[in-house]
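Have a look at the structure below before the remarks.
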Amino acid sequence: MAQKSQQLALLIDYDNLMGFNGKVDSDLNRNYSHQDVVAYLESHYGPVVFCKAYGDWGGPRTRHTITDLSKAGAEMQFIPRVTGSALRIPGYAAVCMGLDAMDEIQRNPQLGGVVFGTNDLALLPFVSRIRALGKSVYILGPEAASAAALTRVADEFITAADNSPIRAKASNASDKAQVLYTIKSILVNGELPLAQLEEKVAAALPEFSVGDFACGNFEEFLRNVANTTVKLTKAEDGTLNVGLGNCHNASQYTDEELQSFDLAQYMQATRWHITDGDIRDKVLHNIYIIFSEKGREMTNEELRNTVDPDHIVEDRPWQGTIWSLIFGACLWENPKTSNHAQSRRLLSLFRTVTSEDDFLVRYYTSLFKKAYEDRPNITPQMCAELMHPENVEGALPLFERVFQNLRNPMVLKAPGANRK
């Protein structure tokens with residue numbers, strides 16, 4: 001619960017904030033106002049005693065902003081761009097903000113909280129450190145685009161949506177994750193009409209409201225908040241259907257809950273995969289054999305009916321396996337069918353796969369990528385014990401290669417441009 005008398009430091013990555021808020025050069029009269037933000041913070045949380053904004057102040061689009069920031073008493077720091085490019089130096093502004101926040105906390109022991117206006121994940125280590133010092137952290141940004149990892153670790157999320165007043169709500173990214181998880185669980189069996197999906201979500205989550213995410217209706221929520229989870233397509237009769245997009249399964253648990261799990265529980269919560277090693281080995285082997293035939297292409301549904309005609313593998317682990325294969329550059333999804341339902345999208349072997357061993361290494365690299373990033377103590381031995389408990393020593397060389405890939409990730413070029 002925020003203390004209305006606490007002193008605040010406000011640090012705004014202006015280019016980042018306005019960029020993911022949808023600002024364009026001609027949009028000089030948008031709803032966002034720095035003075036409004038300060039007024040809101042001071043009326044709901046406490047006085048803003050330190051205010052600083054970061055950005056490239058040389059462009060014409062910032063002229064009105066400089067006046068706005070000056071009237072609010074904000075310092076302005078210039079953030080350089082990559083030489084010869086319009087791109088910013090990745091993470092530069094976030095590091096400046098984090099260091100300035102730490103300096104201000106040391107300078108002013110009475111400071112009660114820090115407000116960061118940014119969507120930059122490079123800020124995460126600073127957020128964790130500031131909270132460890134007993135200070136509150138608030139993230140400012142639009143609900144639809146703010147990074148879930150930032151909103152999860154913050155004490156509260158303050159949203160400033162276009163054409164609506166600034167408002168705050170408790171940091172409930174776990175609620176957002178629960179909604180996305182529920183949607184994916186419903187759609188794993190196939191696409192549904194928009195209205196039918198909305199009914200099922202409402203039945204599963206009675207307290208869910210699109211208004212909590214600064215959206216006017218369910219379609220807007222899907223397009224703006226769940227846009228990386230689902231894909232909307234229009235049928236011939238005009239009905240809007242919703243299917244799963246190309247994404248790994250979401251988790252219904254908070255970061256704190258996930259960290260309390262052992263590796264087996266963590267993998268089950270974050271990745272839909274085939275837990276039985278023998279069945280998983282057979283499925284992966286058969287998928288590789290089928291697609292190793294040059295030019296072979298099949299829909300997801302055809303592949304499943306060929307590899308697992310009795311559907312021994314349930315819907316979620318099957319689809320999770322396909323996602324990991326696609327994200328791991330094992331399988332290639334034909335972009336011509338990207339608007340089709342998940343089951344009708346065409347798949348083929350990724351062109352750069354050299355062997356079945358390479359295929360398996362890529363799959364397990366994709367499968368364990370999140371665990372490797374979230375759990376620093378994970379080892380090849382632990383993965384071998386989890387995936388192949390009956391033959392740990394035999395599986396260990398495979399996972400040592402997987403960890404080589406995780407430590408030194410390669411950027412694989414998609415083959416689409418070269419296909420005929």
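Apply the Karplus curve 6.51 cos²θ - 1.76 cosθ + 1.60, θ = phi - 60°, to the phi angles in the range 267-275 and return the couplings in whole Hz, x for Gly and Pro.
Going residue by residue, I get 5, 5, 7, 10, 9, 6, 8, 7, 7 Hz, with x marking Gly and Pro.
Given the pairs K294/K370; K176/K234; K71/K135; K231/K370, which span a C-alpha to C-alpha distance of over 29 angstrom in this model?
K294/K370
On the full set of protein chains, 1.4 Å probe, figure out the accessible area of E220 and give it in Å² to the nearest 10.
Accessible area, nearest 10 Å²: 60 Å².
Report, ordered by chain and residue number, the aspartates and glutamates lying within cross-link reach of K336, taken as a straight Cα distance under 19 Å and ignoring same-chain residues fewer than 8 apart.
Those aspartates and glutamates meeting the cut-off are E191, E236, E297, E301, E302.
Counting only C-alpha contacts under 8 Å and six or more residues apart, can you give the relative contact order of the range 321-398 as a whole percent?
26 percent
Across the range 98-109, in residue order, what do the Karplus-derived ³J(HN,Hα) couplings come to in whole Hz, using 6.51 cos²θ - 1.76 cosθ + 1.60 with θ = phi - 60° and x for Gly and Pro?
After applying 6.51 cos²θ - 1.76 cosθ + 1.60, I find x, 5, 5, 5, 5, 5, 5, 5, 5, 6, 10, x Hz.
May I ask you to evaluate 6.51 cos²θ - 1.76 cosθ + 1.60, the Karplus curve with θ = phi - 60°, for each residue of the range 322-333 and list the ³J(HN,Hα) values in order in whole Hz, giving x for glycine and proline?
So the J values, rounded to whole Hz, are 4, 4, 5, 5, 6, 5, x, 6, 8, 10, 10, 9.
Can you list the residues, at least 5 places off or on another chain, whose amide H is less than 5 Å from the amide H of L349, using H built in the peptide plane?
For L349, whose amide H was placed from the backbone, the distant partners under 5 Å are W332.
Amide H to amide H, which residues 5 or more places from C51 or on other chains are under 5 Å from it, using H placed in the peptide plane?
L10, E75
Output the Cα-based Rg and Dmax of the range 291-420 in Å, rounding Rg to one decimal and Dmax to a whole number.
15.6, 44
The values are calculated or read from the model by the stated rules, or taken from the named source; none is laboratory data. The structure presented is a predicted model; accordingly, all values stated were derived computationally and were not measured. Note: accessible area is taken over every heavy atom of the protein model, side chains too, but ligands, DNA and RNA are not part of it. Shrake-Rupley method; radii C 1.70, N 1.55, O 1.52, S 1.80 Å.
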